[in-house]
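Q: Dumping the structure here so I can ask a few things about it.
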Amino acid sequence: MKQHKKCAAKNNKGFTLVELTVAMFVLTVGVLGGMIMILLGMTRDSTNRMDTTATNAAQAVLEQIAAVPAGTSPTLTVTDCQQTALSVTTVGATGGGTGATLLPNGDVDFQAAAVANYEISYAVCGNNLLIAKYNVRWHITTLPGGGKLVIVAAGHPTLYNKSHAMAYIAPVTLRTIVGL
């Protein structure tokens, strides 16, 4: 019986230094992993907000162009949040179309030079008094059936202000067919 009490007393000494070090390492890895996930979540939230705003800017121009009957090609005026009147050309062309340069996949090429009258700088005002300017470009192809294929894209501000960019964000591209 005395032998049993001696063993029990030996095991009550507590943690060793090695066990404490391992426990601290595991805790540190867990906390740092959680912090990284929070930072990534905040970054994605900001990216999603910019993506949604770019979609809204492109949609504002697309809706104006889509409201024009396919057989006409007037110059429209779009007003952004700063009450700036921006001219939007609705002239299309058969074949390859006219307007912003397109990539092989049909998206607008923001690396190419802007085509006159087919590009605007559209301001979007936030509720925190910040203003973001989106580069909006469009391309219009007149279809054989009399309709128009309209492609409108909005490039994010980070494409043009590399000092504040956290990562590359692809431009938003919207397409519609008018008059068919």
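We did not get these values from a lab; they are worked out from the coordinates using the rules stated. These numbers were taken from a predicted model, which means no experiment stands behind them. Don't worry about glycine lacking a Cβ; one is built from the backbone with ideal geometry, like all the others, and counts go over all protein chains shown.
Q: Note down the relative contact order for the chain as a percent, whole number, built from C-alpha pairs under 8 angstrom at least six residues apart.
A: Values: 277 pairs, mean separation 36.7, N = 180.
Worked out over the chain, it gives 20 percent.
Q: Here's a follow-up. What net charge is computed for the residues neighbouring VAL61, neighbours being all others with C-beta under 11 Å from the C-beta of VAL61, Lys and Arg scored +1, Asp and Glu -1? Could the numbers behind the result be given before it?
A: Details: positive: ARG137; negative: GLU63, ASP80, GLU119.
Local net charge: -2.
Q: Cα centroid distance between segment 71-117 and segment 17-70, in Å?
A: Using only Cα atoms, the two centres lie 31 Å from each other.
Q: Also, quick follow-up: Looking at the chain, what % of its DSSP beta bridges pair antiparallel, to the nearest 5?
A: On the way: 30 of 31 bridges.
If we restrict to bridges inside the chain, about 95 percent are antiparallel.
Q: Sum up the charges of everything whose Cβ sits under 15 Å from the Cβ of THR43, counting Lys and Arg as +1 and Asp and Glu as -1, but leave THR43 out. Write down the numbers at each step before the final one.
A: On the way: positive: ARG44, ARG49; negative: ASP45, ASP51.
Neighbourhood net charge equals 0.
Q: Follow-up question, since we're still on this one. If we sort 32-38, 137-143, 43-49 on the protection proxy, mean other Cβ atoms within 10 Å, highest first, what's the order?
A: 137-143, 43-49, 32-38
Q: Could I ask something else about it? Using only the alpha-carbon atoms of the chain as identical scatterers, what base-10 log of I(q)/I(0) does the Debye formula give at q = 0.18 Å⁻¹?
A: -1.13
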